[in-house]
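What follows is a set of notes on a single structure, which appears directly below.
The values are calculated or read from the model by the stated rules, or taken from the named source; none is laboratory data. Here the structure is a predicted model, which is why all the values come from computation and not from measurement. Cβ placement follows ideal geometry from the backbone for every residue including glycine, while neighbour counts extend to all protein chains displayed. Note: accessible area is taken over every heavy atom of the protein model, side chains too, but ligands, DNA and RNA are not part of it. Shrake-Rupley method; radii C 1.70, N 1.55, O 1.52, S 1.80 Å.
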Amino acid sequence: HPSRYIILHNLGYALLDYYLQYDSQEDVQETVKISREEFNVQSLVEPVQSRPRKYHLSNEDALQEAVLHCREVLTLCPKPHPDHYHALNSLTNALDYCYRHFQDDAILEESITAYRELLVYRPEGHSDRYITLYNLGNALKDYHLQSRNEAALREAITILRDACAYWPMRVPGLEVCRGNLAGALGRLNATSWAQRREPDECVLDEMINKS
């Protein structure tokens, strides 16, 4: 159905709202219910295979289902579909919450891939480039924690530097970004000590300046 991806997108975001507002969810529950019913009507040719009439989802179920729907929306909007960018942005948001909740390495790697692609759609001059750089840098930093991959840590530092440079002065969060950069620099310094290498004096200086 030509509207399938739109309805899936709405359902995915309703489920994500359900996850984020788990303690006050009556309105969100109703939105999920309406979105499911609309999806079932539009899916008469392709019947929905997910939990069709279970509206009292657990917190984790809602989050996992939101990610599944966002993945399908992206599949239904391949390049050069005009909504590919928006579908990709929705998926990165859902994956970010999913990784924070489950700490799953596969989700983290999928997030990194999605952020890299999203960054292509947000070149220099794009108003949201800084936040994508920030998210990608943090994801790579987390990946280093999981894998001890020094290349990922060095890339995270480069990207977080760029995020700080692009961060609009009047937008809150720059100090947090600088703090994350300082943390990544500290990890790189600790890695040098652990491998009995001389720490980079430039790294030490930058740590002091960012802290």
Checked the stretch 150-163 for anything in contact with a Lys or Arg (Cβ under 7 Å, 6 or more places away or on another chain) and farther than 21 Å from Val120 by Cβ; matches are Leu153
Cross-chain or 6+ apart pairs with Cβ under 7 Å, the stretch 100-114 first and within 16 Å of Asn135 (Cβ to Cβ) and among the charged types (D, E, K, R), then modelled with pLDDT of 95 or more and surrounded by 13 or more Cβ atoms within 10 Å (Cβ to Cβ): Glu110/Leu95
All but one of (1) at pLDDT 95 or above; (2) closer than 28 Å to Arg71 by Cβ hold for Thr158; which doesn't? (2)
Just to verify a result, which residue in the stretch 122-137, among those that are open to solvent by 20 Å² or more (accessible area, probe 1.4 Å) and part of a helix (DSSP H, G or I), is farthest from Cys177 (Cα to Cα)? Arg129
Within the stretch 89-121, take every residue that is hydroxyl-bearing (Ser, Thr, Tyr) and open to solvent by 20 Å² or more (accessible area, probe 1.4 Å) and give me the one that is farthest from Tyr143 (Cα to Cα). Tyr121
Of the residues Val41, Val28, only one is surrounded by 13 or more Cβ atoms within 10 Å (Cβ to Cβ) and either at pLDDT 95 or above or of a type in the set (A, V, I, L, M) (or both); which? Val28
Could you tell me how many of the residues in the stretch 138-148 are of a type in the set (Lys, Arg) and either open to solvent by 50 Å² or more (accessible area, probe 1.4 Å) or touching a Phe, Trp or Tyr at 6+ places or on another chain (Cβ under 9 Å) (or both)? 1
So, in the stretch 164-178, exactly how many residues are closer than 25 Å to Phe102 by Cβ and touching a residue at least 24 places away in the same chain (Cβ under 8 Å)? 2
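Being at pLDDT below 55 and within 22 Å of the chain's Cα centre (by Cα) narrows it down to one of Tyr85, Tyr22, Tyr55, Tyr18, so name that one. First the steps, then the outcome.
Values: Tyr85 fails: at pLDDT below 55; Tyr55 fails: within 22 Å of the chain's Cα centre (by Cα); Tyr18 fails: at pLDDT below 55.
Only one candidate qualifies: Tyr22.
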In the stretch 174-186, anything open to solvent by 30 Å² or more (accessible area, probe 1.4 Å) and of a type outside the set (Gly, Ala, Ser) is listed as Glu175, Val176, Arg178, Asn180
Quick check on my filter: what residues within the stretch 149-173 are surrounded by fewer than 17 Cβ atoms within 10 Å (Cβ to Cβ) and of a type outside the set (Asp, Glu)? Asn149, Ala151, Arg154, Thr158, Ala165, Pro168, Met169, Arg170, Val171, Pro172, Gly173
